[in-house]
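The structure under discussion appears below in the form of structure tokens.
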Amino acid sequence: MRFFRDRVLARLGRGARRLTRSWTALVTLVLVVGLIVVAYRAGTRTAPVDDTVGNVPRVGPVDGQRIDAYRADASRELAGLPAGTAVWALVGLTEYQRPGSLPALFAGYPVNRVVMRVPLPDAQTQLVTLVVDRLDVDVAAGMHRTAAAKDRAASEAASAAATADAELARVYTADAAMERQEAAAYRALCACVYAAVVRATPEQLRTLAQRPGIRVIDPAPEVNRLDRATFVPLLPEQSGTVGPPSDTAVGPSATPSPSAAG
């Protein structure tokens, strides 16, 4: 009886091994067939492929570039564009503008973005880009939203200062003071807008370039999707070589310039 039991168990063991090998082979076959089907579909699909992913054009001057050279290059590019085809362009202004002055400055041109900052002396204040549709409404509304965000940031910095060590507390306190100044300027609808992004034909852009208040127009025919491009405008106060503004002001000692608060 024991011999019979051992033979039965041996047969069962061999059967289990054969069954395991069969299932392994079947699973392998299914995976191979699946990979072949996926590869075939990938090679024959006709759906459009977004080849702009990872391609983010940068429009504007770069640090260390001579401003005169940048403006000359932008003017040459604008002059050489073929007629008739509308392109995106970065429009830099000669001075910071209030929201109320923008509709007249850009009359007849569709503006999709404006770039602004509070021009506090010796301070690298935040660059803020607003998506706009109606200049006479959206810029002011965007400034009020920015002011509210700055107030929240000031409160968070002040709270952090209350629990930080002495060195960090000074940093947080200075940040809170700067955020409050920026909030106050935006709430007063400051002269803070210094650039815009428009879409127009080369002929229209060349006409716009002649208007008072326009410093430079940098065309960007390489931009296909506005949400996948970076616009870094020239600051109105920059001269000589492109670079960030000085950042030596600390806290309440920095007061808004007349153009920012007036």
Candidates VAL198, VAL171 - the one that is under 24 Å from the mean Cα position of the chain (by Cα) and hydrophobic (A, V, I, L, M, F, W, C): VAL198
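Out of all the residues in the range 252-261, is one or more in contact with a strand residue (DSSP E or B) (Cβ under 8 Å, 6 or more places away or on another chain) and either of a type in the set (Lys, Arg) or modelled with pLDDT of 90 or more (or both)?
So far as the range 252-261 goes, no, none of its residues is in contact with a strand residue (DSSP E or B) (Cβ under 8 Å, 6 or more places away or on another chain) and either of a type in the set (Lys, Arg) or modelled with pLDDT of 90 or more (or both).
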Residue in the range 184-205 that is of a type in the set (D, E, K, R) and surrounded by 17 or more Cβ atoms within 10 Å (Cβ to Cβ) present: yes
Residue list for the range 58-73, filter: within 19 Å of VAL111 (Cα to Cα) and open to solvent by less than 90 Å² (accessible area, probe 1.4 Å): VAL59, GLY60
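Conditions tested, residue by residue: (1) surrounded by fewer than 20 Cβ atoms within 10 Å (Cβ to Cβ); (2) out of contact with any helix residue (DSSP H, G or I) (no Cβ under 9 Å at 6 or more places or on another chain).
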{"residue": "VAL91", "(1), (2)": "no, no"}
{"residue": "PRO99", "(1), (2)": "no, no"}
{"residue": "GLY108", "(1), (2)": "yes, no"}
{"residue": "VAL115", "(1), (2)": "no, yes"}
{"residue": "VAL128", "(1), (2)": "no, no"}
{"residue": "VAL132", "(1), (2)": "no, no"}
{"residue": "ASP136", "(1), (2)": "yes, no"}
{"residue": "ALA140", "(1), (2)": "yes, no"}
Filter result (of a type in the set (Gly, Ala, Ser) and not in a strand (DSSP E or B)) within the range 208-239: ALA209, GLY213, ALA229, SER239
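The values are calculated or read from the model by the stated rules, or taken from the named source; none is laboratory data. What you are looking at is a predicted structure, and each value in this text was computed from that prediction instead of being measured. When we count neighbours, we look across all protein chains shown, and the Cβ atoms used for this are built from the backbone with ideal geometry, even at glycine. Side chains included, ligands, DNA and RNA excluded: accessible areas come from the protein's heavy atoms. Shrake-Rupley method; radii C 1.70, N 1.55, O 1.52, S 1.80 Å.
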